[in-house]
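Beneath this line is the structure, given in structure tokens, with notes to follow.
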Amino acid sequence: MESLAAGSDASGQGDGAAEPDEPPLAGLALAERRNRAHSSVRIERHGAGENVVAQRAFEAGDVVFSFDRAIRWPVRDRFTVEDPAGRHVFDPVLASVAHACRPNARLAFDARAAVALRHIAPGEPITLDYLATESDIAAPFVCRCRAADCRGWIGRPQLPPLTRER
């Protein structure tokens, strides 16, 4: 989720790098992240985390939200996304997008936007396939997306899919 040119942040000033030991969401209260979200999506608390949820319907190819305010981040962590050049970026909205093995959106780094892969209904969480952008996962986890072809384990090394009781 990072595609900023080296040496600049989203505003074009400074190098945009934050301190690596400072959690990127520290100091950004949920209300502030909601204010940064676009009118097309909102951030909601969900269980122990947060989800980015569609405020309106989207069709395949629609821009769901942009991450043009993303900043370069010096290290991989669970809040960053890796761009095609292997750099990491942080965006407060992007950091709240959930994973799914069959996501409803993808990242278009050249446009700095999340783009719908299929119809997305109002109220539906926006999802990305984390393995589509990451060469490694900072915080591997067991996926519970319930897709028929769910990988089960999201991280490296790839493990065989978990067997689920039906």
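Pull out a ≥ b ≥ c, the square roots of the eigenvalues of the alpha-carbon gyration tensor of the range 100-158, then state rounded if a/c is under 1.5, prolate if not and a/b is larger than b/c, and oblate in the remaining case. Present the calculation step by step, with values, prior to reporting the outcome.
Details: a/c = 2.48, a/b = 1.29, b/c = 1.92.
Judged from the Cα gyration tensor, the range 100-158 comes out oblate (a/c at least 1.5, b/c at or above a/b).
Given a Förster distance of 30 angstrom, what is the FRET efficiency for Ser39 paired with Ala138, based on the Cβ-Cβ distance and rounded to 0.05?
Details: r = 30 Å, r/R0 = 1.01.
Calculated value: 0.50.
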Under 5 Å from the placed amide H of Val41, counting only residues 5+ away or on other chains, we find Gln55
Here the residues of the range 85-123 lying in the modelled label zone of Ala147, meaning backbone nitrogen under 13 Å from a point 7 Å along Cα-to-Cβ, are 98-107, 117-118
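Do any trypsin sites (Lys or Arg not before Pro) in the range 38-95 lie in a loop, going by DSSP, with at most 14 other beta-carbon atoms within 10 Å of their beta carbon, and if so which? Display every interim value, and only then the final one.
Details: sites: Arg42, Arg45, Arg56, Arg69, Arg72, Arg76, Arg78, Arg87; in loops: Arg56, Arg69, Arg76, Arg78, Arg87.
Answer by residue number: Arg56, Arg78.
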Going fewest to most other Cβ atoms within 10 Å around each Cβ, Thr133, Thr127 line up as Thr133, Thr127
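Taking N as the number of residues in the range 49-115, what value does Rg over Cα atoms divided by 2.2 N^0.38 Å take? Show your work: numbers first, answer last.
On the way: Rg = 11.9 Å, N = 67, 2.2 N^0.38 = 10.9 Å.
That works out to 1.10 for the range 49-115.
Would you please calculate the Kirkwood hydrodynamic radius of the range 64-166 over all C-alpha pairs and express it in Å, rounded to one decimal? Walk me through the numbers before you get to the answer.
Numbers: mean 1/r = 0.0695 Å⁻¹.
With all distinct Cα pairs of the range 64-166 included, I get 14.4 Å.
A short reminder: the numbers here are calculations on the coordinates, not readings from a lab. Since the structure is predicted, the reported quantities are computational estimates derived from the model, not experimental observations. Positions of Cβ are backbone-derived with ideal geometry, glycine not excepted, and every protein chain shown enters the neighbour counts.
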